[in-house]
Amino acid sequence: MKKHNLFTEIVHLLKRDIALEWKQKYAINGLMLYVISTIFVCYLSFKQVINVPTWNALFWIIILFTSVNATSKSFTTESKGKLLYYYSLTSAHAVIISRIIYNSILMLLISLLGYLFYSLLIGNPVQDHLYFVLGIVLGSIGLSSTLTLVAGIASKTNQNATLMAILSFPVILPMLLILIRFSKNAADGLAHSVQQPYILALLSLNMVVFVLSLLLFPFLWKE
């Protein structure tokens, strides 16, 4: 892979990640097992969730921990030799953007399948399915982007798991609070006009994380 423009580099890296996943199916199989087993444990524990807030909170707890598992090894699985090889061929921006896109696609797929399985086992009180799915899309992208950047930072230390937990908490907390409120409103079927500020807030947070990734990751990539 020779030096190309940014778009071409991103496409090449995405194809590589997707091809590896299609060949090994390690990430998606492990994540699906994690999601299904967690939902099944919730089903055995609660049988039937009575109120909407509890149903909503359980769902986002599952998605949050799935996101952590999905992105925590974004950079730690790559050997130093392979990272050096990438460094000589592509730009830092292409690496972080391709990894964010890949993790977002993976997380979105797992979240939607988890939502389907969650609804089948525990029930589905959601009245506005369109906006709830929109919340899943924005949440999957936001959580994946944030955790991918944090994983890149944490990979430069020996205690990457501990550092990732410490760094990600203050960033993810406001996003998670907005997601819970947004999805709760969708479950209650509130008017779309009430949801607009939450959509704008989620889009803004996602954009801030993306810009920070473009600004910070090149400095990490040089180390």
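The values are calculated or read from the model by the stated rules, or taken from the named source; none is laboratory data. Quantities reported herein were computed from a predicted structural model and do not represent experimental measurements. Cβ sites come from the backbone with ideal geometry, for glycine too, and all protein chains shown count toward neighbours.
Values computed for the structure shown
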{"quantity": "Count of the stretch 7-42 residues which are of a type in the set (Phe, Trp, Tyr) and surrounded by 12 or more Cβ atoms within 10 Å (Cβ to Cβ)", "calculated": "3"}
{"quantity": "Subset of the stretch 6-62 [over 22 Å from residue 141 (Cβ atoms), of a type in the set (S, T, N, Q) and part of a helix (DSSP H, G or I)]", "calculated": "8, 24, 29, 37, 45, 54"}
{"quantity": "Yes/no for residue 213 being assigned to a helix (DSSP H, G or I), at pLDDT below 90 and either touching a helix residue (DSSP H, G or I) at 6+ places or on another chain (Cβ under 7 Å) or on the phi > 0 side of the Ramachandran plot (or both)", "calculated": "yes"}
{"quantity": "Unique residue being in a loop (DSSP other than H, G, I, E, B) and either at pLDDT below 90 or not basic (Lys, Arg) (or both) when the list is 177, 190", "calculated": "190"}
{"quantity": "Yes/no for residue 55 being in contact with a Gly (Cβ under 8 Å, 6 or more places away or on another chain) and not β-branched (Val, Ile, Thr)", "calculated": "yes"}
{"quantity": "Pair list, Cβ under 9 Å, 6 or more apart: the stretch 63-83 residue more than 22 Å from residue 137 (Cα to Cα), other residue of a type outside the set (Val, Ile, Thr) and at pLDDT 85 or above", "calculated": "75/99"}
{"quantity": "From 155, 145, 91, residue being surrounded by 22 or more Cβ atoms within 10 Å (Cβ to Cβ), hydroxyl-bearing (Ser, Thr, Tyr) and under 22 Å from residue 210 (Cβ atoms)", "calculated": "145"}
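Residue-wise test of (1) assigned to a helix (DSSP H, G or I); (2) in contact with a Gly (Cβ under 8 Å, 6 or more places away or on another chain); (3) touching a residue at least 40 places away in the same chain (Cβ under 8 Å).
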{"position": "95", "(1), (2), (3)": "yes, no, yes"}
{"position": "100", "(1), (2), (3)": "yes, no, yes"}
{"position": "108", "(1), (2), (3)": "yes, no, no"}
{"position": "115", "(1), (2), (3)": "yes, no, yes"}
{"position": "120", "(1), (2), (3)": "yes, no, no"}
{"position": "127", "(1), (2), (3)": "no, yes, yes"}
